[in-house]
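Where a number appears in this text, it was derived from the coordinates with a stated rule and is not lab data. These numbers were taken from a predicted model, which means no experiment stands behind them. So basically every Cβ, Gly included, is an ideal-geometry build from the backbone, and we count neighbours across all protein chains shown.
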Amino acid sequence: MPRHILVIRNSAMGDVAMVPHALRALREAYPDVRVTVLTRPLFKPFFAGLDVDFLEADYAGRHKGVLGLLRLAGEARRRGIDAVADMHGVLRSRIVGLLLRLHGMPAARIDKGRIEKWFRLGCTNPAASPLKHTVVRYCDVLRRLGFVFDDPQPAAKPVRPNPFGEKKGVWIGFAPFSAQAGKTYPEDLAAGLVAGLSARYDRVFIHSGGGGEAAFAERMEREHPNVTALWGRVRFAGELDLIANLDCVVSMDSLAMHMASLVATPVVSVWGATHPALGFLGYGCPPEGVVQLDLPCRPCSVYGQRRCKFGDYRCMRIPPQAVLDRVEECLSIRRAEEAGR
C-alpha cells in the first residue's frame, strides 16, 4: 500500500474545492498515510484542518514546459512520494504521472465520464439518472491505488473566526457571477434579488471578482445600507471564514457553492445551462436548495461555456422571488433542525 501520495489538481477553483472532501474520507480511513497536494498556492485554504503537505505548482516559472515538468517530478521524488493520484487528467498532470511511473510508482487517473455527460445534454429529465458526483470520482482515483473506504459524509460545521466581527441577526451571502454566461445571474435580476435579500435579512455580502463584478457589488452597497461588497475587503481565506459564519449562501453553479459545502453552510444554488445531475452540485448540499427552470433546451452544456442557441440565456431568467422563497425555506429547515437538537 502507498504510504505517501501525490494528489494532483491545479484548476479550476470549484473543482479543487471538491478535493478536500475525498481527502477527508481517506484520512479518516488511513490516518497514517501521508498526502502531498500538488496545486496552486491560492488554493491552500480549501485544505485547512486536513494535515496535508503542499507542492506548489508554478507553471509560469520553474515548472514551465517539459523541462519544468521534469523538475516537478524530481521534486516529488525527493519528498518520498510513492504513488500518484491524478485528479485533474490534463496533459501536464499526465506527464508528471508518467515520469513518476517510470520510477516504479503506481499512478491512477480520474475518469471524468465525458461520454456519459455528453449524452445527458438535452436530456428531458437528467435528474432521473444522475451521474456520479465529482467527489466520488476523486475517491475512485484513490481506490484504484488500493485504498478501501466509504464515500465521505458531508462536512461538519467548523468553528472559524468571523472577519466582520460579532454576528447579529441573519447573514446571507450572494454570489451571482461565474466565468461563463450560462451560469451567471442576469444583472437586472441580481439587483432585484439583492434588494429582496437586504429587505428581509440583517446583512447581505456580495461575493465577486474584480472589474465589472466589483462595480456591480459596490453599486449595490451604495444603494442598500446593509449590503457589503467583499472584493478587496477580505483575502481568499477570510472569505471562506465568512462563509462559515453565514446562515445561507445564494450561489450559481460556481465556486461559492463549493466553498459553502466545505464549511457546511446551507446553499441555495441557481442553475442555468448546466444541471446538478451532471455531478457538480456542492457536496452534501441537499437537492431542495436547487433552483432551476424546466426548459427543453437544458442542460445544454456540461461546464456552461456553450453559447445559448437563442442568444438570451433564458435558462437564467429565474425570478428573484423564486430564489427568495427558497432561501426562506432553507432557513426554516435549519431553524427546525437546530430546535430539534
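Please identify the GluC sites (Glu not before Pro) of region 187-272 that satisfy two criteria: DSSP loop assignment and at most 11 other Cβ atoms within 10 Å. Which are they? Here no GluC sites (Glu not before Pro) fit, given the DSSP loop and packing criteria.
For an R0 of 30 angstrom, estimate the FRET efficiency from the Cβ-Cβ distance between PHE149 and ASP58 and round to the nearest 0.05. Once the sixth-power term is evaluated, E becomes 0.40. Among the listed pairs LYS157/LYS183; LYS64/LYS183; LYS64/LYS157, those whose Cα-Cα separation exceeds 30 Å are LYS64/LYS183; LYS64/LYS157. Once C-alpha pairs closer than 8 Å and six or more residues apart are averaged by separation and normalised to the residue number of region 171-339, the relative contact order reads 26 percent. Here region 291-341 and region 38-92 have alpha carbon centers that stand 35 Å from each other. Taking the average, over residues, of other Cβ atoms within 10 Å as the packing measure, peptides 277-287, 312-322 rank 277-287, 312-322 from highest down. In this simple spin-label model, placing a label point 7 Å from the Cα along the Cα-to-Cβ direction at both ALA264 and ARG314 gives a separation of 4.3 nm.
Projecting label points 7 angstrom from Cα along Cα→Cβ for ALA181 and ALA322 puts them 2.0 nm apart. Our summary gives the chain a relative contact order of 18 percent, counting only alpha carbon pairs under 8 angstrom and 6 or more residues apart. Residue separation of ILE95 and GLU338 scaled by 0.36 nm, minus their Cα-Cα distance, works out to 82.6 nm of gained length.
In order along region 324-339, the phi-based Karplus estimate (6.51 cos²θ - 1.76 cosθ + 1.60, θ = phi - 60°) of 3J(HN,Hα) comes to 4, 4, 5, 4, 5, 4, 4, 5, 5, 4, 5, 4, 5, 5, 5, 5 Hz; Gly and Pro are listed as x. Estimated at 0.36 nm per residue, the fully extended path between ASP202 and ARG78 surpasses their Cα-Cα distance by 39.4 nm. Could you tell me how far the Cα centroid of region 168-243 sits from the Cα centroid of region 109-167, in Å? Taking the Cα centre of region 168-243 as reference, the centre of region 109-167 is 26 Å away.
Our helix-only sum for the chain, with -39,500 (n - 2.57) per DSSP H run of n ≥ 4 divided by its residues, gives a mean residue ellipticity at 222 nm of -10500 deg cm²/dmol.
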